[in-house]
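Visitor: Questions regarding the structure given below will be posed in turn.
The values are calculated or read from the model by the stated rules, or taken from the named source; none is laboratory data. Given the structure is predicted, the values throughout are model-derived calculations rather than measurements. Cβ placement follows ideal geometry from the backbone for every residue including glycine, while neighbour counts extend to all protein chains displayed.
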């Protein structure tokens, strides 16, 4: 069934691409054009990416949190989409604007609607993440001065 | 079909309860027990509410934003849930901790997985909202001093 196939592929995509950073596999999961429909706070919000642009986003997004892991809470398939609710954990090992690396653990949660084409390839997403929760943790971890 | 029934009921629930504040209708939409599985930053996060508790949450949540409107972006039904992606707009007409009323417009977005029982009544939700976006707008609107 297309719905189960897409859920399985999404789990593999999250593990291979976002958890493990194997960007050389992006073409197995993504369509040639990937659109970020909504993702407030993400530097690529609203952009349409080709595969090179998609790989660049993954590499830059993972740089500060190279051991990040997504903990999938729920997968909901309907129409051309699979929605994923998720928790996320990582060690803050690289600098991000305003927050030099602290080596501390941080946690986050979010929900993402991933869109698929007829070949079960990802064509984009609509996402909200709890950015405030992360910033509060980074702020707390900051070394004084 | 149960999936379309639930989507229709969810649209009505959002309009009646959250947009218009008609809490006297809560019993038509909600099961006697409503659980907030995940809702970071919400004062009721993790709680299990009876109908009176549910109405109290709606009244207190709407107090600072009485003209709030949810703009539903997508509805995704699967299993016992319907996931709703949404934008939100309101006028900041009441005080909230740290932010006295400014009369300014604010906008937000989020995604919510609503769970249903066999009678198509709501039994709870798992939600993430872009809290940081709201706080940045409230901060910007603050009158100096």
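Visitor: Taking into account only those residues within the range A:52-72 that are buried (at least 16 other Cβ atoms within 10 Å of the Cβ) and touching a strand residue (DSSP E or B) at 6+ places or on another chain (Cβ under 8 Å), which is nearest to residue A:122 (Cα to Cα)?
Guide: Checking each candidate, the answer is A:54.
Visitor: Please find, within the range B:38-53, the residue that is farthest from residue A:130 (Cα to Cα) out of those that are away from every other protein chain (no Cβ under 14 Å) and in contact with a helix residue (DSSP H, G or I) (Cβ under 7 Å, 6 or more places away or on another chain).
Guide: First, the residues of the range B:38-53 that are away from every other protein chain (no Cβ under 14 Å): B:43-44, B:47-53.
Restricting the remaining residues to those that are in contact with a helix residue (DSSP H, G or I) (Cβ under 7 Å, 6 or more places away or on another chain) gives B:44, B:49, B:51.
Details: B:44: 16, B:49: 23, B:51: 28 Å.
Checking each candidate, the answer is B:51.
Visitor: For residues in the range A:105-115 being surrounded by 14 or more Cβ atoms within 10 Å (Cβ to Cβ) and farther than 17 Å from residue A:126 by Cβ, which is farthest from the other protein chains (Cβ to nearest Cβ)?
Guide: My answer is A:106.
Visitor: Follow-up. Here are some residues: A:27, A:41. Which one is touching a residue at least 12 places away in the same chain (Cβ under 8 Å), surrounded by fewer than 17 Cβ atoms within 10 Å (Cβ to Cβ) and on the phi > 0 side of the Ramachandran plot?
Guide: Of A:27, A:41, the one residue that is touching a residue at least 12 places away in the same chain (Cβ under 8 Å), surrounded by fewer than 17 Cβ atoms within 10 Å (Cβ to Cβ) and on the phi > 0 side of the Ramachandran plot is A:41.
Visitor: So, one more: Anything in the range A:74-91 that is closer than 20 Å to residue B:37 by Cβ and more than 7 Å from chain B (Cβ to nearest Cβ)? List them, or say none.
Guide: Result: A:75, A:82, A:84, A:86, A:87, A:88, A:89.
Visitor: Output the strands (runs of 3 or more DSSP E) that fall wholly within the range B:52-145 and possess 3 or more residues being more than 18 Å from residue B:12 (Cβ to Cβ) and modelled with pLDDT under 95, or say none.
Guide: Numbers: elements: B:69-78, B:81-91, B:105-116, B:122-129.
In the range B:52-145, there are no strands (runs of 3 or more DSSP E) which contain 3 or more residues that are more than 18 Å from residue B:12 (Cβ to Cβ) and modelled with pLDDT under 95.
Visitor: Given the conditions (1) surrounded by 15 or more Cβ atoms within 10 Å (Cβ to Cβ); (2) at positive phi, and given that residue A:79 satisfies all but one, which numbered condition is not satisfied?
Guide: Tallying (1) surrounded by 15 or more Cβ atoms within 10 Å (Cβ to Cβ); (2) at positive phi, residue A:79 fails exactly one: (1).
Visitor: Within the range A:57-72, which residues are within 23 Å of residue A:45 (Cβ to Cβ) and within 14 Å of chain B (Cβ to nearest Cβ)? Reasoning before the result, please.
Guide: To start, the set of residues in the range A:57-72 that are within 23 Å of residue A:45 (Cβ to Cβ) comprises A:57-66, A:68, A:70, A:72.
Within the range A:57-72, A:70, A:72 qualify.
Visitor: How many residues, within the range B:116-140, are at the interface with chain A (Cβ under 7 Å from one of its Cβ atoms), touching a residue at least 40 places away in the same chain (Cβ under 8 Å) and buried (at least 22 other Cβ atoms within 10 Å of the Cβ)? I'd like the intermediate steps shown before the answer.
Guide: Let us first name the residues in the range B:116-140 that are at the interface with chain A (Cβ under 7 Å from one of its Cβ atoms), namely B:126, B:128-133, B:135.
Those left that are additionally touching a residue at least 40 places away in the same chain (Cβ under 8 Å): B:126, B:128-129, B:131.
Within this subset, residues satisfying the condition of being buried (at least 22 other Cβ atoms within 10 Å of the Cβ) are B:128-129.
The qualifying residues number 2.
Visitor: Looking at A:11, A:6, A:35, which one is more than 30 Å from residue A:135 (Cβ to Cβ), touching a strand residue (DSSP E or B) at 6+ places or on another chain (Cβ under 8 Å) and either surrounded by 14 or more Cβ atoms within 10 Å (Cβ to Cβ) or free of Cβ contacts under 8 Å to residues at least 60 places away in the same chain (or both)? Before you say what the answer is, go through the steps one by one.
Guide: On the way: A:11 fails: more than 30 Å from residue A:135 (Cβ to Cβ); A:35 fails: more than 30 Å from residue A:135 (Cβ to Cβ).
Exactly one residue qualifies, and that residue is A:6.
The rows are residues; the columns are (1) under 13 Å from the mean Cα position of the chain (by Cα); (2) more than 30 Å from residue B:115 (Cα to Cα).
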{"site": "A:21", "(1), (2)": "yes, yes"}
{"site": "A:28", "(1), (2)": "no, yes"}
{"site": "A:57", "(1), (2)": "yes, yes"}
{"site": "A:72", "(1), (2)": "yes, no"}
{"site": "A:95", "(1), (2)": "no, yes"}
{"site": "A:111", "(1), (2)": "yes, no"}
